[in-house]
Amino acid sequence: ATHGVIDCTRKLQEEHSEEMGVFEGVEGIMLGLGEAAYHHGEFDVQRPLTTTGAQMSAKYVAVTQMVDGEVFPPCFRNDMLNRDEVWGLVDKTSCVMRGKKGESSVEIRFRDGKVLKAHVDAAREVDPDLSNEEIMEKWRGLMKGVIEDERRDEIERVCLGWTVWRTL
């Protein structure tokens with residue numbers, strides 16, 4: 001339910017990298033969520049927040065994408081959950097229910113009057129499917145800080161070798 005707002009935020013970062021790197025000018029953030037995502041991910045978050053609560057919060061994950069440029073397990077370690085930079089933006093974030101089932105949108109308003117908007121019909125894991133390269137990127141991101149790179153590479157070698165062998 002939170003992947004759509006992550007995708008919207010990433011889209012804004014790709015299209016407006018300069019503006020998306022200056023958080024002091026952010027006046028407000030509005031997340032538009034489909035009904036299921038709204039009921040699942042729209043709730044009031046406060047410090048201290050648990051790892052699970054952070055992962056389920058549309059507000060927290062959208063802001064984490066803004067601040068960290070990614071949303072992977074290391075972003076939800078206990079030492080990462082209480083950052084003032086994140087909470088300053090979470091406090092400026094609100095959610096509304098709008099759109100169809102899988103739709104998500106992000107609108108960021110700046111003090112200078114500029115407004116950035118992004119919309120997706122569905123999270124990119126749902127539609128469109130992830131490419132093989134995106135699957136590998138996600139796998140590597142999920143493993144970052146969890147296992148050593150050498151171990152990750154060995155798992156990839158074994159799994160990808162198995163896939164090649166099974167197709168023969």
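Given a Förster radius of 25 Å and the C-beta distance between Val22 and Ser94 as r, what FRET efficiency does 1/(1 + (r/R0)^6) yield to the nearest 0.05?
Values: r = 21 Å, r/R0 = 0.82.
With R0 = 25 Å, the Cβ-Cβ based efficiency is 0.75.
Mean-square fluctuation check for the chain, GNM, Cα pairs under 10 Å: which of Thr93, Thr50, Thr64 is largest?
Sorting by GNM fluctuation, first place goes to Thr50.
Pop out the ³J(HN,Hα) list for the stretch 83-94 in order, Karplus 6.51 cos²θ - 1.76 cosθ + 1.60 with θ = phi - 60°, rounded to Hz; leave Gly and Pro as x.
Each residue's phi maps through the Karplus curve to give 6, 4, 4, 5, 5, x, 7, 4, 5, 9, 9, 9 Hz.
Given H placed 1.01 Å from N in the peptide plane, which residues other than close sequence neighbours of Glu70 have an amide H under 5 Å from its amide H?
Counting only residues 5 or more places away or on other chains, the set is empty.
Between His40, His16, His119, find the one with the highest GNM mean-square fluctuation for the chain; connect C-alpha pairs within less than 10 Å.
Among His40, His16, His119, the largest GNM mean-square fluctuation belongs to His16.
Sequence-distant or interchain residues sharing an amide H contact under 5 Å with Gly34, placed H: which?
Arg98, Glu103
Would you mind classifying the stretch 46-137 by shape? Square roots of the alpha carbon gyration tensor eigenvalues, ordered a ≥ b ≥ c; an a/c under 1.5 is rounded, otherwise it is prolate if a/b is larger than b/c and oblate if not. Intermediate values should be presented prior to the final figure.
Details: a/c = 1.72, a/b = 1.12, b/c = 1.53.
Taking the square roots of the gyration eigenvalues as a ≥ b ≥ c, the stretch 46-137 is oblate.
Expected output is a single nm value to one decimal: the length gained when fully extending between Asp129 and Met56, i.e. 0.36 nm times separation in residues minus the C-alpha distance. What is it?
Numbers: separation 73, 0.36 × 73 = 26.28 nm, distance 2.21 nm.
Stretched out fully, the Asp129 to Met56 stretch lengthens by 24.1 nm.
Taking 0.36 nm per residue of separation and subtracting the Cα-Cα distance, what length does fully extending Val158 through Asn82 add?
Fully extending the segment from Val158 to Asn82 adds 23.5 nm.
Between Ala36, Ala122, Ala54, which gets the highest mean-square fluctuation from a Gaussian network model of the chain, Cα cutoff 10 Å?
Ala36
With θ set to phi - 60°, apply the Karplus curve 6.51 cos²θ - 1.76 cosθ + 1.60 along the stretch 41-56 and write out the HN-Hα couplings as whole Hz, x wherever there is a Gly or Pro.
x, 9, 7, 6, 10, 9, 6, x, 10, 7, 4, 5, x, 5, 5, 8
Leaving out ligands, DNA and RNA, and with a 1.4 Å probe, what % of the accessible surface on the chain is carbon or sulfur?
Numbers: 5180 of 9960 Å².
The C+S portion of the solvent-accessible surface of the chain is 52 percent.
Using amide H atoms built 1.01 Å from N in the peptide plane, name the residues 5+ places from Thr93, or on other chains, whose amide H lies under 5 Å from its own.
Ile29
Hey, rough spin-label estimate for Val146 and Gln46, points 7 angstrom out along Cα→Cβ, what's it come to in nanometres?
Inter-label distance under the simple model: 3.2 nm.
Accessible area per residue, 1.4 Å probe, Å², for the stretch 1-100: what's the number?
Accessible area per residue: 48 Å².
The values are calculated or read from the model by the stated rules, or taken from the named source; none is laboratory data. Keep in mind that this is a model prediction, so the values were computed, not measured. Note that we place each Cβ from the backbone using ideal geometry, even for glycine, and neighbour counts take in every protein chain shown. With ligands, DNA and RNA removed, areas are computed over all heavy atoms of the protein, side chains included. Shrake-Rupley method; radii C 1.70, N 1.55, O 1.52, S 1.80 Å.
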